[in-house]
Amino acid sequence: MELLSSWCSDGSLPESYVMPPETRPGDLIVPLEKSIPVIDLQHNQPWSFRDLMDETMNVAEEFHAMPGVDKERECTKDPNGRCKLYTSSHVYPREDFHLWRDAVKHPCCPLDDHIQFLPENPTRYRCENQKRVANSSLHCTVTSSSSKASSSSNDGSWRRVVVGAYSVELWKLSCRILELLCEGLGLNINYFSSNDLSQVPKILINHYPPCPEPSLTLELLKHRDPTITTILLQGHINGLQVLKDGRWIGIKPLPRAFVVNIGFLLQVIRNGKLNGAEHRVVTNSRDAWTTVSFFVYPCDDRLIGPAKALVNASNPAIYKAFKFSDFINVSILNHDDETFKELIYEPTA
C-alpha cells in the first residue's frame, strides 16, 4: 500500500478513485449552514488550551508532511498494531474505489498505557517528559470533569508534548459533554462511564491533499460516525458537509472551535430519538487539509443497546443489544448491509 500523499502531486486522478455517478459529490459549492448552535466555553478554558488546539493542528500537519517511510516507521511500534497508518480506509485492498485521504489512528487514553507506542516524530508528538503529563492529568471521570481534574496544559509543558496533552484535555472535555448529554436525555450522570461506554477514546488524524478532479471523488463518503460522540478539530478548509432535510450543507470552520457529532452508537442508546449526523468530506483542487478527530468509543466487548430507562410499552426498542466489536466488524471491516441490519435492528423496527 502506497500512501496517497507520496504520489498525488502528479496531477492525475487514477481510475480507482473515480466514484460511481450516484456517489460523486455533485455540486461542489453548497450553502453554509448558519443555524448550527455555537457553545462558548472560553470562560472555562485558559489561553493555553486554545493555544494547544493550534499547536495540535501544527503537529498533525507536520506528521503528514513527513516522508511516507518515516510515517510508517513511527506507526509500527505497537506489537498489537493499534497505531494504524493507512490510505483511503482500513480495507483498502478490498475497496471498489478509494477515498482521497491518508490517515493515522491510535488509542490515546489511558495515556500511560499507550505513550510508548505513539509516534516520536515530529518530536512534539510525544517525548520523555510526557509520562509526567499522563500521570498528572489523565485520571478524570465523568463525575470529576474539566472543572475539577488537574490540567497539565496550564504550566506550559504541553508545548513539548502536544498530542499527548491534547488527548488529556479532549478526554476531560468529552467527559463534560457526556455529563450534559446524560442530563438532557434523562439518564444518570454516570451512565456512560459506569457502563464502559466511553473508556476507549482514539485520535484520528486525516490528511486530504489537493485533488485534481474534485467533482469525481470524495475524501469521506456519506456516513454516521461509529462512536458515542466525535469531537472534531476541523482546520480552516470548507470541506465538511452535513445532510439536512435531504440536501448537503457546508459547515463553516470557526477558529479555535470544535465540531461535536452525535455518533450512531448514541443514536442506538437513545433508541432513535437522537439521530447521528450524516456527513461527508469533499475535496478541493487548491489546498491540503488536515483534521484531528477525538472518537469516544466503548470497550470492544461492551453490549450496546437502547438505555432501559428510555424504553417502555409506548416506546419499544427498535435496536437490539449488540457487542461493539461485532458492530465494527459488520459496519466497517467486513461491511454487509443485510448482516448489519440483522445485527442492529429489532425485527419489528
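The values are calculated or read from the model by the stated rules, or taken from the named source; none is laboratory data. Given the structure is predicted, the values throughout are model-derived calculations rather than measurements. So basically every Cβ, Gly included, is an ideal-geometry build from the backbone, and we count neighbours across all protein chains shown. When the accessible area is computed, the model is the full protein with side chains, heavy atoms only, and any ligands, DNA or RNA have been set aside. Shrake-Rupley method; radii C 1.70, N 1.55, O 1.52, S 1.80 Å.
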Going by the structure shown, is ASN80 open to solvent by 40 Å² or more (accessible area, probe 1.4 Å) and not in a helix (DSSP H, G or I)?
yes
Restricting attention to region 41-75, and to residues there that are at pLDDT below 90 and in a loop (DSSP other than H, G, I, E, B), which single residue is surrounded by the most Cβ atoms within 10 Å (Cβ to Cβ)?
GLN45
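Just one of LEU13, LEU28 is closer than 30 Å to LYS71 by Cβ, at pLDDT below 85 and surrounded by 10 or more Cβ atoms within 10 Å (Cβ to Cβ); which is it?
Details: LEU13 fails: at pLDDT below 85.
Only one candidate passes the filter, namely LEU28.
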Quick test for you: out of LEU243, LEU233, pick the one residue that is under 26 Å from SER5 (Cβ atoms) and in contact with a strand residue (DSSP E or B) (Cβ under 9 Å, 6 or more places away or on another chain).
LEU233
In region 278-301, the residues that are over 16 Å from ARG101 (Cβ atoms) and surrounded by fewer than 17 Cβ atoms within 10 Å (Cβ to Cβ)
GLU278, ARG286, CYS299, ASP300, ASP301
I need every pair where a residue in region 26-41 that is touching a residue at least 24 places away in the same chain (Cβ under 8 Å) and closer than 22 Å to LEU218 by Cβ has its Cβ under 6 Å from the Cβ of a residue that is open to solvent by 70 Å² or more (accessible area, probe 1.4 Å) and part of a loop (DSSP other than H, G, I, E, B), sequence separation at least 6 or different chains.
LEU32/LYS252
Exactly one condition in (1) open to solvent by 10 Å² or more (accessible area, probe 1.4 Å); (2) outside any strand (DSSP E or B) is not met by TYR86; state its number.
(2)
Please go through (1) in contact with a Pro (Cβ under 9 Å, 6 or more places away or on another chain); (2) surrounded by fewer than 16 Cβ atoms within 10 Å (Cβ to Cβ) for ASN275 and return the number of the only condition it doesn't satisfy.
(1)
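Got a sec? Which of GLU183, GLU213 is surrounded by fewer than 18 Cβ atoms within 10 Å (Cβ to Cβ) and either under 13 Å from the mean Cα position of the chain (by Cα) or not in a loop (DSSP other than H, G, I, E, B) (or both)? Steps first, answer last, please.
Numbers: GLU213 fails: either under 13 Å from the mean Cα position of the chain (by Cα) or not in a loop (DSSP other than H, G, I, E, B) (or both).
Only one candidate qualifies: GLU183.
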Within region 307-348, restricting to residues that are touching a helix residue (DSSP H, G or I) at 6+ places or on another chain (Cβ under 7 Å) and of a type in the set (Gly, Ala, Ser), the one that is most open to solvent (accessible area, probe 1.4 Å) is SER331
Can you spot a residue in region 224-237 that is touching a residue at least 24 places away in the same chain (Cβ under 8 Å), in contact with a helix residue (DSSP H, G or I) (Cβ under 9 Å, 6 or more places away or on another chain), among the polar types (S, T, N, Q) and open to solvent by 30 Å² or more (accessible area, probe 1.4 Å)?
no
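Please verify whether PRO93 is more than 23 Å from the chain's Cα centre (by Cα), on the phi < 0 side of the Ramachandran plot and not polar (S, T, N, Q), treating the condition exactly as stated.
Details: more than 23 Å from the chain's Cα centre (by Cα): no; on the phi < 0 side of the Ramachandran plot: yes; not polar (S, T, N, Q): yes.
Criteria not met by PRO93.
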